[in-house]
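Below: the structure, in structure tokens.
The values are calculated or read from the model by the stated rules, or taken from the named source; none is laboratory data. These numbers come from a predicted model, not from an experiment. Because the Cβ atoms are built from the backbone with ideal geometry, glycine has one as well, and the counts that use them run over all protein chains shown. The accessibility values were calculated without ligands, DNA or RNA, using every heavy atom of the protein model including side chains. Shrake-Rupley method; radii C 1.70, N 1.55, O 1.52, S 1.80 Å.
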Amino acid sequence: MRYVAVSALSHPGLLRTRNEDSLVVGPWTLCATVTDSPQTLVFPLESPVVVAVADGLGGHPGGNVASSLVVRRIAAAGPRLNGEDEIHDVLDACNRAVYEAAGGDEGGDLATMGTTVAGVVVRYDALLVFNIGDSRVHAASPEGLRRLSVDDSPPLEPGRRTTSIVTQCLGGSSGYRAVRAHVTPVPVAPGDRFLVCTDGVTDPLTDDVIEGVLREHDDGRAVFELWKAAMEAGGPDNITLAVLRVGEE
């Protein structure tokens, strides 16, 4: 039987007063709250398993509301996400739902709230990677760390490694804007591992640091060590991540 083991954690970091990240693992959601230690869940790959993070936009109202809304909708749709069209449809619906929850054309206290999203749908023999914004999905293999998602960010200025600006997100504007998710199919086999995370991991940590942790550790220990490294690097943002491992027995 083929299965996927998913270890995950969400934490506000050291500088933010609250956690505006949310997380979905199969039917389980963690909405703008905190886990004190990694949680590990195991799912047989008899039907699609979705794992995703959503990072509420900083500097906008209601980031926690937007990220929570999105992961709940993705969790509900998860078993039906059999192909690229279904993923595009659910993310389009999430975009519309965030806009409407923010007050729609009338606006309100939550006007311009928004969120990024990044994740994977794990099937028996393939992975569907998706994202909107700058949360990320990486493959971790013996050959090294490989980014599978596509950042929606402007070109970096010389000498800069990161930027907080996103060119596409769910919601995030006073008027409705359509989105076009990045969706990429990836073959998957037992032993393959993946990292899904918000920029609270990838901004303070270089790819070399992330790769080093994932070479040395698996599952919950890998999640803990990445969280610890991000905290030791200043914990400048909310930290949410999931490490996936495909197995067979």
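So how many residues does the stretch 225-249 have that are in contact (Cβ under 8 Å) with a residue 24 or more places away in the chain, closer than 30 Å to Arg2 by Cα and over 17 Å from the mean Cα position of the chain (by Cα)? Write out each step before concluding.
Step one: of the stretch 225-249, the residues in contact (Cβ under 8 Å) with a residue 24 or more places away in the chain are 226-227, 229-231, 233-249.
In the following step, the residues that additionally are closer than 30 Å to Arg2 by Cα were identified as 226-227, 239-249.
Next, only the ones that are over 17 Å from the mean Cα position of the chain (by Cα) stay: 246-249.
The total comes to 4.
Open to solvent by 10 Å² or more (accessible area, probe 1.4 Å) and of a type in the set (Val, Ile, Thr): is that true of Thr112 in this structure?
yes
Can you name the residue in the stretch 76-89 that is outside any loop (DSSP other than H, G, I, E, B) and open to solvent by less than 20 Å² (accessible area, probe 1.4 Å) and is also farthest from Gly108 (Cα to Cα) among such residues?
Filtering the stretch 76-89 for residues outside any loop (DSSP other than H, G, I, E, B) gives 76-80, 84-89.
Keeping just the survivors that are open to solvent by less than 20 Å² (accessible area, probe 1.4 Å) gives 77-78, 87.
On the way: Ala77: 28, Gly78: 31, Ile87: 29 Å.
So the residue we want is Gly78.
Do you know which residues across the stretch 154-208 are β-branched (Val, Ile, Thr), open to solvent by less than 50 Å² (accessible area, probe 1.4 Å) and out of contact with any Gly (no Cβ under 7 Å at 6 or more places or on another chain)?
Quick first cut of the stretch 154-208, residues β-branched (Val, Ile, Thr) only: 162-163, 165-167, 179, 183-184, 186, 188, 196, 198, 201-202, 206.
Those left that are additionally open to solvent by less than 50 Å² (accessible area, probe 1.4 Å): 162-163, 166, 179, 183, 186, 188, 196, 198, 201-202.
Across the stretch 154-208, the qualifying residues are Thr162, Thr163, Val179, Val183, Val186, Val188, Thr198, Val201, Thr202.
Which ones in the stretch 124-141 are at pLDDT 95 or above, on the phi < 0 side of the Ramachandran plot and outside any strand (DSSP E or B)?
Once the filter is applied, which keeps residues that are at pLDDT 95 or above, on the phi < 0 side of the Ramachandran plot and outside any strand (DSSP E or B), the stretch 124-141 yields Asp134, Ser135.
Say we look at the stretch 49-75 and pick out the residues that are assigned to a loop (DSSP other than H, G, I, E, B) and more than 19 Å from Val34 (Cβ to Cβ); which of these is nearest to the chain's Cα centre (by Cα)?
Going residue by residue through the stretch 49-75, those that are assigned to a loop (DSSP other than H, G, I, E, B) are 57-62.
Narrowing the set further to residues that are more than 19 Å from Val34 (Cβ to Cβ) leaves 57, 59-61.
Values: Leu57: 13, Gly59: 19, His60: 19, Pro61: 20 Å.
The qualifying residue nearest to the chain's Cα centre (by Cα) is Leu57.
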